[in-house]
1. Over the chain, what is the relative contact order in whole percent, taking alpha-carbon pairs under 8 Å and six or more residues apart?
2. Hey, with R₀ at 25 Å, roughly what FRET efficiency would GLN84 and ILE160 work out to, going by the Cβ-Cβ distance, to 0.05?
3. With just the Cα atoms defining each centre, how far is the stretch 160-222 from the stretch 139-158? Give it in Å.
4. With all pairs of different alpha carbon atoms counted, what Kirkwood hydrodynamic radius in Å does the stretch 30-126 show?
5. Taking the mean number of other Cβ atoms within 10 Å as a proxy for protection, how do you rank 74-83, 242-251 from highest to lowest?
6. Subtract the Cα-Cα distance of ALA132 and ASN33 from 0.36 nm times their separation in residues, and report this length gain in nm to one decimal.
7. Based on DSSP, what percent of beta bridges with both residues in the stretch 1-99 are antiparallel, to the nearest 5?
8. Quick one: which of 187-198, 6-17 comes out on top by average Cβ neighbours within 10 Å, and what's the full order, highest first?
Amino acid sequence: MSPVEVHRGSSPVVLGLPHTGTVVPDDIRACLNDEGMKLRDTDWHIDLLYEGLLPGATTVRATFHRYVVDANRDPGGASLYPGQATTSLVPLTDFDNQPIWRDGRAPDDAEVARRVKLFHAPYHAALAAEIARVKAIHGVAILYDCHSIRSRVPYLFEGILPDFNIGTDGGRTCDRLVELAVRGVCETADGYTSIVNGRFRGGWTTRHYAAPGEGVHTIQMELAQATHLASEAPPFAYDETRAARLRPVLAELLRRLEALAPALKG
């Protein structure tokens, strides 16, 4: 199994997909408990949701599950949200704070380092290479990191999550035009709610690759799963009707980002 799938395009937009993978190698799967085996915290069907929305976009997708190692966490283990509940580089619990490993089978430091080398590092090597490639072509690269999460996760946040959660780390990861373009589409999308830099301000990927002064602009989109799933519980089925309503909004958003590229080079 390759830890990463890359589909190269000609657009300045790169789609990162770190959490749609569901592959868990047998030796790691044997260590998961019954709760962990559910893979509940997958970004379910996000790859399908975005498929074909911007034909020229490059996609970089992790095939491994986030319980193997989280591709959107600092490989050094630093917390993504210091002082707030979150999961780690190799999670010990799920988003409901339930243990996911069998007793005595949680990964130690050596095992975490092994997984970083085998999975996390190849994914980011591929992502970095594609960002560099499209920047060399266009003089600018826009990384749009694709995510989703259940609308209600009391361990991580109170109440119901907005539909569109835009993260730019307080405006630090991209030119203001990028944030305004995404915000504008989301705020005017009929029947949807949105927020900028709320509970999800952009993960490690968004922050790590951001270099707007050098032509690399990054932004994270965390979608509430109620926007495209039939249910936010097993089997987490894709809802064609909900997705058909959402996809044109996402397509317009990506088209606007692509159209911004010339203005970002100046």
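Taken together, the values in this text are just the output of simple stated rules run on the coordinates, not laboratory data. Quantities reported herein were computed from a predicted structural model and do not represent experimental measurements. Positions of Cβ are generated from backbone atoms using ideal geometry, with glycine treated the same way; all protein chains shown enter the neighbour counts.
1. Normalised by residue count, the contact order of the chain is 23 percent.
2. Calculated value: 0.90.
3. The stretch 160-222 and the stretch 139-158 have Cα centres separated by 9 Å.
4. Over the stretch 30-126, the inverse of the mean reciprocal pair distance is 14.7 Å.
5. Top to bottom by mean Cβ count within 10 Å: 242-251, 74-83.
6. Working it through step by step, the gained length comes to 31.6 nm.
7. 50 percent
8. 6-17, 187-198
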